[in-house]
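J.: Got a structure here, written out as structure tokens. Questions coming.
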Amino acid sequence: MERFDRLPAQVRSAINFAGFEFAVRFAERLLGRGASPDVAAKIIRDTDLRLTMKRQGGAV
């Protein structure tokens with residue numbers, strides 16, 4: 001929980017609202033590779049959308 005609490009607010013929000021469970025490590029890795037908090041949150045949202053569509057059998 002401490003690791004999650006240390007994430008920027010935008011990233012925590014994206015993880016909270018995602019339909020899939022994202023590991024904090026995924027966000028930490030994005031941020032560690034130089035992604036801004038806004039970009040990391042967008043990547044998480046986009047990934048969640050793709051995974052949701054894939055689970056439902058739709059094309060992305």
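J.: Counting C-alpha atoms alone, how compact is the chain: give Rg to one decimal and Dmax as a whole number, in angstrom.
T.: Rg then Dmax for the chain, in Å: 11.7, 37.
J.: Could you tell me what percent of the accessible area of the chain is made up of carbon and sulfur, with a 1.4 Å probe and every protein chain present?
T.: Numbers: 2330 of 4350 Å².
With neighbouring chains kept in place, the figure for the chain is 53 percent.
J.: While we're on this one: Can you list the trypsin sites (Lys or Arg not before Pro) in the chain that are in a DSSP coil and have 14 or fewer other beta carbons within 10 angstrom?
T.: Values: sites: 3, 6, 12, 25, 29, 33, 42, 45, 50, 54, 55; in loops: 33.
Here the trypsin sites (Lys or Arg not before Pro) that fit, given the DSSP loop and packing criteria, are 33.
J.: Determine the dipole magnitude for the chain: charges of +1 sit on the beta-carbon of Lys and Arg, -1 on that of Asp and Glu, nothing else is charged, the reference point is the Cα centre, and the result goes in debye to the nearest 20. Working shown, then result.
T.: Working: 11 positive and 7 negative charges, 38 e Å.
I would put it at about 180 debye.
J.: Tell me, what is the percent relative contact order of the chain, built from C-alpha pairs under 8 Å that lie six or more residues apart?
T.: Relative contact order, the chain: 36 percent.
J.: Further question on the same structure: Compute the accessible area per residue over the chain, keeping the other protein chains in place, probe 1.4 Å, unit Å².
T.: Values: 4350 Å² over 60 residues.
With all protein chains present, the chain gives 73 Å² per residue.
J.: Let me ask something else about it. Taking K and R as +1 and D and E as -1, what net charge do the other residues with C-beta under 13 Å from the C-beta of residue 6 add up to?
T.: Numbers: positive: 3, 12, 25; negative: 2, 5, 28.
Counting the neighbours of residue 6, the net charge comes to 0.
The values are calculated or read from the model by the stated rules, or taken from the named source; none is laboratory data. Remember, it's a predicted structure, so these values are computed and weren't measured experimentally. Glycine also receives a Cβ, built like all others from the backbone with ideal geometry; neighbour counts cover every protein chain displayed. What goes into the accessible areas is simple: the full protein's heavy atoms, side chains included, and nothing from ligands, DNA or RNA. Shrake-Rupley method; radii C 1.70, N 1.55, O 1.52, S 1.80 Å.
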